[in-house]
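In what follows, a single structure is set out as structure tokens and then discussed.
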Amino acid sequence: MSKYQTIMVLGLGLIVSVLASQFGFPSMEKSASGQAGVIEYLPVAVEGNFARAEAPIPFEFPKDHGAHNDFQTEWWYYTGNLATESGRRFGYQLTFFRRAVVPPEMRIDRPSDWSVEQVYLAHFSLTDVQTGQFYANEKIGRGAAGLAGAVGEPAYQVWLDEWQVVQVGENEYLLQAKTDQVAVELQLINRKGEILQGEEGYSRKGEEAGNASYYISQTRLETRGKITVSDIDYTVSGLSWMDHEFSTSALGEDQVGWDWFSLQLNNDTEIMLFTLRKEDGSIDRFSSATLILADGRAQRFNANQFIVEVKEQWLSPKTGAVYPSRWQIFIPEVDILLDVRPLIPDQELVVSYIYWEGAVFAQGNMGDRAVSGYGYVELTGYGQSMRGRF
């Protein structure tokens, strides 16, 4: 047995032990506060033994909404801004992460359905704007015995225990998640189809070969359904957003995190934007932005074609991390100038890793027209470096 195989076998034993003894068998759910570093237990294999994102590839849907197990890391990311008829506003996040713990060439037919080759992690958070409350929970489970997984055919589904997103029609999905305090049950209708980010879905993140992801979005999901807070149900509607990425890559040697924006404006356009931050505070040249027009066409911008200026900051009372808390976004080529603000300041998740993920409001101008809308922002690398985690 090679040194690499020994490390992988020991690592696989460790993750099974972690799942069984530390977090309960067969899966675990805990509140966000006080979480241990679950991700740090996952064995990190040599990246070259997993498939890598090295060039554009053809996509087939719904097949490619499912899992790509030969890649080391994958996530399915849902966020939304919803409101009742009276105007009470909520934000939600439901994200599923898949991490391969056995590379493709080491996979064998195993006698037990409980054998672990993939581990799933999920985060569910809810922002109650009226009360200023932020609820966050995490689950971890093995991608075996039907406990967690993602499939694209014959219909798309991603799940971890009862948290799930299920395709129920050609462009229609059911999203469900529940904890002791909050729950969501939502119908999502895809109004713009699949948006391929980057170069036909190939999104580069750095200089090194394979330092990239395959990146698919659904940027305008018309949403209706029910949110429950402390056993009180609220009928809500609004918009959701889906991102799906898979890769075998990591941040570059001098990258510590990213700031990611998804904004849905009231002129039927959307903006996806991310900046990759270096240790010295500068922005990496592989940062990128996309404007999705009303007809679904995408216009892309490189790091030299947009500016994100931090206007305010927020100090976390839980972790001591200092996060940006208000931004000005300027895309000169299309004359977009937006002011972006969190709906509430504290939307920090202290789970297997520390990050801020929250509902925001944007307003400003696109050309000579005033625009506004809602969205989500993700901030990583402020509470801890993200290098080596994804």
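7 Å from Cα along Cα→Cβ at both residue 285 and residue 63: what's the point-to-point distance in nm?
The two pseudo-label positions are separated by 3.7 nm.
For an R0 of 30 angstrom, estimate the FRET efficiency from the Cβ-Cβ distance between residue 339 and residue 162 and round to the nearest 0.05.
E between residue 339 and residue 162, to the nearest 0.05, is 0.20.
So between residue 176 and residue 311, what do we pick up on full extension, going 0.36 nm a residue minus the alpha carbon distance?
Stretched out fully, the residue 176 to residue 311 stretch lengthens by 45.0 nm.
Order 174-181, 268-275 from most to least packed using the mean count of other Cβ atoms within 10 Å.
268-275, 174-181
Mind checking segment 276-335 for trypsin sites (Lys or Arg not before Pro) that DSSP puts in a loop (not H, G, I, E or B) and that have at most 10 other Cβ atoms within 10 Å?
The qualifying sites are 297.
Listed here are the pairs 63/318; 278/318; 63/205; which of them are more than 29 Å apart at the Cα?
Beyond 29 Å between Cα atoms: 63/318.
Using the basic label-point model (7 angstrom from Cα toward the beta carbon), what is the residue 233 to residue 200 distance in nanometres?
4.8
With the dipole of segment 55-166 worked out from charges on the C-beta (+1 for Lys and Arg, -1 for Asp and Glu) around the Cα centre, which of 144, 121, 81 lies farthest toward the positive end?
Result: 81.
Laboratory data are not the source of any read-out in this text; all were calculated from the coordinates shown. Keep in mind the model is a prediction, meaning the values are calculated, not measured. Note that each Cβ is placed from the backbone with ideal geometry, even for glycine, and that neighbours are counted across all protein chains shown.
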